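Coordinate-derived values only; no laboratory data. Note that the structure is a prediction, hence the values are computed from the model and not measured. Neighbour counts run over all protein chains shown; Cβ positions are idealised from the backbone, glycine included.
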Amino acid sequence: MGDYFDTVLKPRIQKVVYSESWKDGKPTARGTGISHCFKYLRLESYEDALANLTPKRPKELDDALGLSKSFRESYMLSYMLDTETRDSLLNVEMFEDPFNCKLHIATGTAGETKPTIVDLVETFNYLLGLTVRHMDTLRCVRVVEGENRQGERVLVLWRNVKEMDSGKLDAWFQKQKYNTQDMEFDLIYVNGDNNLENLRRQDQTWKVRLIEQEFSRLMFDTRDVI
């Protein structure tokens with residue numbers, strides 16, 4: 001949060017990784033650092049989320065919302081964010097080319113935003129609570145392997161749907177020697193329509209699942225959230 005992350009916090013982490021002792025911007029002890037890497041993520045703000053909402057409502061309702069500030073705020077939090085604008089914040093088109101998904105993010109200048117690429121792959125990993133064991137890109141398919149919080153083995157496949165249609169995905173899937181019928185993975189998530197053979201699990205859910213549907217459920221379904 002804030003500009004001091006780039007100017008203060010991140011440099012401090014980098015410095016302590018290199019050496020445990022510094023003076024006047026120079027290390028005083030060499031060979032005391034550690035082999036290390038760290039990853040940081042930028043989260044969109046509440047204002048960024050609002051900037052990407054496109055409400056769909058009749059003019060009469062808009063007029064009514066303008067009459068009362070308290071009613072407008074209550075309406076936005078209890079209804080608009082859940083119903084009117086859900087598709088504008090997260091729509092199917094975003095998943096057709098998941099590597100080029102953009103949201104309007106504030107630039108720091110009042111009222112100004114710019115289209116910024118967001119990482120749907122990383123976001124979905126966090127939504128699933130996935131412990132990532134391996135991630136790679138194989139012939140234009142981003143492959144993520146890991147375990148969810150229930151201990152199930154998970155395979156997540158991301159592709160540009162326009163470049164790799166269902167037929168090409170089938171051929172790729174077979175070439176990589178994946179099989180939905182074996183027990184290598186308990187769950188398989190794929191973005192876009194596909195023809196992968198599915199398997200009904202013992203809990204009566206399906207093994208192969210659409211990323212779009214699961215993404216939306218995890219983003220907006222709060223019934224089981226404590």
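Each of Asp203 and Val16 was given a label point 7 Å from its Cα along the Cα-to-Cβ line. The distance between the two points is 3.9 nm. Here Arg159, Arg149 are placed in order of increasing Cβ neighbour count within 10 Å, fewest first, which gives Arg149, Arg159. For Thr180 and Glu73, the difference between the fully extended length at 0.36 nm per residue and the C-alpha to C-alpha distance is 33.8 nm. For region 120-220, the antiparallel share of DSSP beta bridges with both residues in that region comes to about 65%. Counting Lys and Arg as +1 and Asp and Glu as -1, what is the net charge of the other residues whose Cβ lies under 13 Å from the Cβ of Phe185? That sum, taken over residues with Cβ under 13 Å, equals 0. Shape verdict for region 120-220, please, from the Cα gyration tensor: rounded (a/c under 1.5), prolate (a/b greater than b/c) or oblate. Judged from the Cα gyration tensor, region 120-220 comes out rounded (a/c under 1.5). Using 23 Å as the Cα-Cα cut-off, could you pick out the over-long pairs in Lys59/Lys102; Lys15/Lys102; Lys168/Lys207; Lys15/Lys39; Lys39/Lys102; Lys175/Lys207? The answer is Lys59/Lys102; Lys15/Lys102. A Förster radius of 22 Å combined with the Cβ-Cβ distance from Arg217 to Tyr126 puts the calculated FRET efficiency at roughly 0.95.
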